[in-house]
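Report on the structure given below.
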């Protein structure tokens, strides 16, 4: 590893990072906080003295916190538990290395072989398996070195 | 974080903050659209957790909603100001002393960082993904002050001056931290490459 290689890798990571966006729930929570702030502002008397204005801010903060807490709670409720729809959703993974990456780096050629596998294999890789379909097969692609060593696998459903 | 200059038709960041301060919270929406992703990405790389990054991004903009009057355009751009708030919130969320190592990395959440274009051949794609994953893990192992300097300058595109303003330190300190961060990364990634080679040879 040298500085030039580090620069190239940092550039690549920076480009990858540009594709990352906050979840929609964040925008919704911020929008809700702004709306609650606006509605509280609209019911405030047109003319207020400094003390009343000072008292309104805790209300604005409390409303914003309540909206965010509710949004987070709803978001976590959605995340907890795996729904049947989730386990039945179309699946396509990245290639998962099956040998040390350093060994793959030194390799110069590989080819892809498509093959069905028992669906229960998904569980071996920490992927969700619908128990109702556990006896079925799942399509997979193996990245195979010329000497026959399987370097990586990905599942396509 | 290259400047996101609004077009002629759009109000400037500073004027939007001023509108919020005067009681127009709807001005928060365009500010979020301009800076939300930068704040989230900074918090994500800085904390190593998508959940923390999402929470912090929300808190940053709600903070702006309530404390818009704290922003001073003489001290820097709105984007840098928001990242400064995010930095403090991440520190608070992780209760992270200045020189402690990074907490455990949220692997699932950060997997999206190493998403690679499908059009690549499988083998180069696999290797590129592994490289970026190694780099991301090495960054996560950097001491906090070095890590934030590296993320801001190398990954977010901040100038040294902006990074210094966000971190609350001198410009020379940022240069020094960045240099040390890069040196540590070269060592960390170099030792990992050696370790992989040793494993490969042993087999």
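Screening the stretch B:21-31 for residues that are surrounded by fewer than 24 Cβ atoms within 10 Å (Cβ to Cβ) and within 9 Å of another protein chain (Cβ to nearest Cβ) and picking the one that is nearest to residue B:139 (Cα to Cα) gives B:29.
State all residues of the stretch B:52-63 that are facing chain A (nearest Cβ under 9 Å) and either under 12 Å from the mean Cα position of the chain (by Cα) or in contact (Cβ under 8 Å) with a residue 40 or more places away in the chain (or both); if no residue qualifies, say none. Within the stretch B:52-63, B:53, B:57 qualify. When the residues of the stretch B:151-178 are filtered to those that are within 14 Å of chain A (Cβ to nearest Cβ) and at pLDDT below 95, which remaining residue is surrounded by the most Cβ atoms within 10 Å (Cβ to Cβ)? Of everything passing the filter in the stretch B:151-178, B:152 is surrounded by the most Cβ atoms within 10 Å (Cβ to Cβ). The one condition from (1) within 11 Å of chain A (Cβ to nearest Cβ); (2) buried (at least 21 other Cβ atoms within 10 Å of the Cβ) that residue B:81 does not meet is (1). Residues in the stretch B:64-73 that are part of a helix (DSSP H, G or I) and surrounded by 14 or more Cβ atoms within 10 Å (Cβ to Cβ) were compared, and the one that is farthest from the other protein chains (Cβ to nearest Cβ) is B:73.
Have a look at B:48, B:76 and point out the one that is crowded, with 23+ Cβ neighbours inside 10 Å and more than 9 Å from chain A (Cβ to nearest Cβ).
Numbers: B:76 fails: crowded, with 23+ Cβ neighbours inside 10 Å.
The conditions single out B:48.
The set of residues from the stretch A:114-154 being part of a strand (DSSP E or B) and loosely packed, with under 12 Cβ neighbours inside 10 Å comprises A:114, A:115, A:116.
The values are calculated or read from the model by the stated rules, or taken from the named source; none is laboratory data. Remember, predicted model here, so these are calculated numbers, not experimental data. Here the Cβ is made from the backbone with ideal geometry for all residues, glycine too, and neighbour counts use every protein chain on show.
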